[in-house]
1. Looking at S386 and the list (1) polar (S, T, N, Q); (2) within 16 Å of the ligand (Cβ to nearest atom); (3) surrounded by 19 or more Cβ atoms within 10 Å (Cβ to Cβ), which single condition is not satisfied?
2. Look through the range 260-292, keep the residues that are β-branched (V, I, T) and at pLDDT 95 or above, and return whichever of them is nearest to the ligand (Cβ to nearest atom).
3. Criterion first (surrounded by 17 or more Cβ atoms within 10 Å (Cβ to Cβ), within 26 Å of N250 (Cβ to Cβ) and away from the ligand (no atom under 16 Å from the Cβ)) does T112 satisfy it?
4. Scan the range 145-152 and tell me whether some residue there is within 30 Å of G80 (Cβ to Cβ) and either within 16 Å of the ligand (Cβ to nearest atom) or not hydroxyl-bearing (S, T, Y) (or both).
5. Do you know which residues across the range 255-270 are basic (K, R), assigned to a loop (DSSP other than H, G, I, E, B) and more than 15 Å from C300 (Cβ to Cβ)?
6. Any residue in the range 302-316 that is of a type outside the set (A, V, I, L, M) sitting within a Cβ distance under 7 Å of a residue that is assigned to a helix (DSSP H, G or I) and more than 16 Å from the ligand (Cβ to nearest atom)? List the pairs, counting only those 6 or more apart or interchain.
7. Checking G317 against (1) of a type outside the set (F, W, Y); (2) at negative phi; (3) at pLDDT below 95; (4) surrounded by fewer than 22 Cβ atoms within 10 Å (Cβ to Cβ): exactly one of these is not met. Which one?
8. Test of understanding: among A183, A208, A188, which residue is within 16 Å of the ligand (Cβ to nearest atom) and not in a loop (DSSP other than H, G, I, E, B)?
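The values are calculated or read from the model by the stated rules, or taken from the named source; none is laboratory data. Computed from a prediction, not measured in an experiment: that's the story for all the values here. Positions of Cβ are generated from backbone atoms using ideal geometry, with glycine treated the same way; all protein chains shown enter the neighbour counts.
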Amino acid sequence: MKRGFLNSAKAKKETLYPAAAAPSQETASVSHPSQKVEFVSKPRYGKVENRELPGDYTPSKIPMSDMQSNGVYKDHFVNGFVFTTIPPKRDPAGNNTELLLHGPTKKKVLSTPGFLKPIPMPTGPVSYALRSTPDMGFGCFATRAIKAGDVIFAERPLLLVPMGMHVPNRAQIYERYGTHQGALVALAEWEKMLEVAVARMTEENRNAFMALANNHQEDGSGPIAGIVRTNGYMTDEIFDGPMKLPNNLNTYSAILKIGSRINHSCRPNVVHDFDLVSFSFSFKASKDIAAGEQLFYSYCDVNASASVRRSQLAPYGVVCKCLSCINATPASDKIRMEFNDRINDCAKWILDPRANVHHALKLRQDMVDEGLEGQLTYAYCVNFISGFYLLMEEPIKAQRFQAEFEKYNRLAKLRF
Ligand SMILES: C[S@@+](CC[C@H](N)C(=O)[O-])C[C@H]1O[C@@H](n2cnc3c(N)ncnc32)[C@H](O)[C@@H]1O
């Protein structure tokens, strides 16, 4: 792939995967020149035969006295995880997050300049409602027309926990019980830790959390871990240590009351963003949405082929039936995989606008056909087209595409 601005870290940030989209593997640990991550484990998914725990296994007692925060912001460990609440004072509207957080990371979060700002307001009156769907469980639907770039809602997570399972005695567990039963015991130990965080929630938040979907009922996950794995949003703005490690080994996963009800489509109409200062996720319309339409974001890489998307969705038990998956062909795969390169080509084409404007118009049409108007690539593309027409001294057309750029650039601002 050519290098260009779309390969920059900022551009790559556009695709945010919920937690379970990370490749599933038994265990993972890495050594980094400046960081060593231990105790991290990514559990299996699907049906795991023989889920019985070893007869001699007794759950660890979570050392509450060491690990429970006293609810004061300054409380953090130099080395170790804390259970804590943000903000520590109970909010009558329920906007509190329970966290299992590495002590130094808590310190980093709390010292973010401007922390803690109020949650952003939605654009206009309430525009969404939860409803059941015939084939996806619950979903989130627009109750009125929503414009591209509008904030549909913003919320603090119910829970924020490390992305992988953090089980302090993992090595001894595997040594004692072997790979298969060791994995089950690790999950049981992880469940114990999650139980502490969930027990700290208000009753209302706990009920909302426990009512979320659980697609991990047969792989050995406990009921809380199953909900975390089904509903987590990757929060890579929060990470342990000085830098982010590969495979999300040191990032966090957030579970949301409303956001976690949004289903997947490879033709999404919603984007989301986590803002550390208000400690909240905002969900914005990435296209104009009509009243009654379901809201979707993408759990997978929308620039990947249909088969890669399918494998990225497998941990959710999602078999996507969006138009792009149903009608996928080698040609449509190629189109998706080449969007980023083609937008970089626009910079070349603009040197001879009259001869090349059709390339840029075709790119735009391909993106519309694939339902990807919410991608940054699309905003860049219409901006280039506007530039082509300006150079060709066709101001009316230039203005039309400039207006479209401004509409989609409202979204780009969310991600920069
Ligand atoms: C984050 S939850 C979304 C909300 C969920 N439908 C509910 O009832 O709460 C993810 C789960 O929703 C279901 N789901 C999401 N998108 C889907 C899709 N496109 N097709 C089928 N099921 C889907 C899957 O069961 C998936 O594991």
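1. Only one criterion in (1) polar (S, T, N, Q); (2) within 16 Å of the ligand (Cβ to nearest atom); (3) surrounded by 19 or more Cβ atoms within 10 Å (Cβ to Cβ) is unmet by S386, namely (2).
2. Restricting to residues being β-branched (V, I, T) and at pLDDT 95 or above, the top hit is I262.
3. Details: surrounded by 17 or more Cβ atoms within 10 Å (Cβ to Cβ): no; within 26 Å of N250 (Cβ to Cβ): yes; away from the ligand (no atom under 16 Å from the Cβ): yes.
Taking the combined requirement at face value, the residue does not satisfy it.
4. Start the filter on the range 145-152 by keeping residues that are within 30 Å of G80 (Cβ to Cβ), which leaves none.
No, the range 145-152 contains no residue that is within 30 Å of G80 (Cβ to Cβ) and either within 16 Å of the ligand (Cβ to nearest atom) or not hydroxyl-bearing (S, T, Y) (or both).
5. Keep residues of the range 255-270 that are basic (K, R), which gives 257, 261, 267.
Then drop every residue that is not assigned to a loop (DSSP other than H, G, I, E, B), which leaves 257, 267.
K257, the sole residue that qualifies.
6. These pairs meet every condition: N303/R336; N303/M337; N303/F339; N303/N340; S305/D333; S305/R336; S305/M337.
7. It is condition (2) that G317 fails.
8. Numbers: A183 fails: within 16 Å of the ligand (Cβ to nearest atom); A188 fails: within 16 Å of the ligand (Cβ to nearest atom).
Step by step, each of A183, A208, A188 is checked, and only A208 is within 16 Å of the ligand (Cβ to nearest atom) and not in a loop (DSSP other than H, G, I, E, B).
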